[in-house]
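First the structure, in the form of C-alpha cells, and then the observations on it.
The values are calculated or read from the model by the stated rules, or taken from the named source; none is laboratory data. What you are looking at is a predicted structure, and each value in this text was computed from that prediction instead of being measured. Here the Cβ positions follow ideal geometry from the backbone for every residue, glycine too, while neighbour counts run over all protein chains shown. Keep in mind that these areas ignore ligands, DNA and RNA; they rest on the heavy atoms of the full protein, side chains included. Shrake-Rupley method; radii C 1.70, N 1.55, O 1.52, S 1.80 Å.
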Amino acid sequence: MIETENELRQRIKHLQLWAAHSISGHQHGSYLSTFAGSGLEFNDFRLYVPGDDVKHIDWKVTARSQDPYVRVFREERDLHLLLLVDISSSMFFGSKKGREKIRICVDFAALLSALTTYHNDKISLALFSDHISHYLPPSRGSAHSFRVLKSILTAPTSSQPTSLKEALHFAMKSLKKRSLVVLLSDFLDSNPYNAEMKALATKHDLTCLRIYDPLEIDPPQGGGWTYRDCESDQRFRGKIGQIITSKLSPSRQLNDYNRAEKTQPFDDWRRTLRNHRTDGYAVDATRDDPIKTLYAMTRKHKASQRL
C-alpha cells in the first residue's frame, strides 16, 4: 500500500495527528470505560444498607447468609482493546481510489489507537484471512500505536478467503479478562460463525464494523461482463443477475441478494448481531465518515450502559 519506508512513516504520522485532532474536541474523557460496558469490575461484597441500588444485591450470597448483601465494584483502569482486522483479498477492493475497504480499517484503527493512547490503555492487533497472519500483543503508548498502524498498512494482500470463525475463536482464546473487541471486516464469509460470535460476546464487549463498497451491493447489470471472485479466483461471465457466487448460499442468486440489500440494507446481519447482544455498524467505504461512526458508537454505548 505504501511504496517507501519514508512514505510509510509520513503516512502513519499524518494518521496519528489526524486521529488525535479528530477526538480532541469530543467529550472522550470517559469514552473507553463507557464503551467497555460500565468500566467497573467486581471487588467484594458488603451488607446492604438503605439507599443501595437493589440491582446490586447478590441473591446467592443473600440466600446463604440470610442477610442481604450487595456487590461492590471498583473502577477498571487497565482497559484493553483488541482490533481484529480482515486482510483477505476482498478487503483491498475499492471502486473509489484511496477509499479501499482496508484504508477505512486503517482510519478506524488510527482513531481507536489514539483513544487508547489518550487514556494510557492497552491495544492489541490481530490480522486475519482464513488464519491469524499477524498478532501484536497488548501494549500502550504512541510508539505501539505506530506499530499497529504500520502492521495494517504493510499487510500483504491475502489470496485466502475470510474466516470469521477463526478470528473470533482466536480472540476467545487469547483474552484472559473482559476486553473490548472491535472486528473490522466486509463479512464476506459463507461459513457459519454464530457460535463463536455468541461465545465471545458473552464474555467480552464485541462491536462489528462491516466495511462495504456500494459496487458490491449494486454491480453493473449489463451483459458481457466477466466477474472474478478475488478470494477464490473463480471467474464468471454473463449477466450479473444470473451468477451464483461462492459468497452466497447456492440457492440464492445475486440479483435476489441485491434487491434485499437495497430495500433493507444488512437487516439480517444486524438482527443476528442483536441476538448475540453485539453492536454492528455498516460503513460505506466510499462516503461514510469514520469519525461520525465512532461518535455513533459512543452514543449508543452510553445509552445502553449498564452495571
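Points to keep in mind about this one:
- Residue that is surrounded by the fewest Cβ atoms within 10 Å (Cβ to Cβ) [pool: residues in segment 115-147 that are closer than 14 Å to ASP86 by Cα and not hydrophobic (A, V, I, L, M, F, W, C)]: HIS131
- Filter pass, ALA63 being small (Gly, Ala, Ser), under 31 Å from the mean Cα position of the chain (by Cα) and at pLDDT 80 or above: no
- Here THR286 meets each of (1) modelled with pLDDT under 60; (2) of a type in the set (S, T, N, Q); (3) assigned to a loop (DSSP other than H, G, I, E, B) with one exception, condition (1).
- Residue list for segment 155-173, filter: at pLDDT 95 or above and either under 13 Å from the mean Cα position of the chain (by Cα) or of a type in the set (Ser, Thr, Tyr) (or both): LEU164, ALA167, LEU168, ALA171
- When LEU273 is tested against (1) assigned to a helix (DSSP H, G or I); (2) surrounded by fewer than 19 Cβ atoms within 10 Å (Cβ to Cβ); (3) modelled with pLDDT of 85 or more, exactly one condition is not met: (2).
- Qualifying residue in segment 75-86 (condition: modelled with pLDDT under 90, in contact with a strand residue (DSSP E or B) (Cβ under 7 Å, 6 or more places away or on another chain), among the basic types (Lys, Arg) and open to solvent by 60 Å² or more (accessible area, probe 1.4 Å)): no
- Residue within segment 24-35 that is at pLDDT 60 or above and of a type in the set (A, V, I, L, M, F, W, C) present: no
- Residues of segment 96-114 that are among the charged types (D, E, K, R) and open to solvent by 10 Å² or more (accessible area, probe 1.4 Å): LYS96, LYS97, ARG99, GLU100, ARG103, ASP107.
- Residues in segment 165-202 that are small (Gly, Ala, Ser) and touching a strand residue (DSSP E or B) at 6+ places or on another chain (Cβ under 8 Å): ALA167, ALA171, SER174, SER179, SER185.
- Close Cβ contacts (under 6 Å, 6 or more residues apart or on different chains) running from residues in segment 294-305 that are under 14 Å from THR207 (Cα atoms) to residues that are at pLDDT 85 or above comprise LEU294/LEU111.
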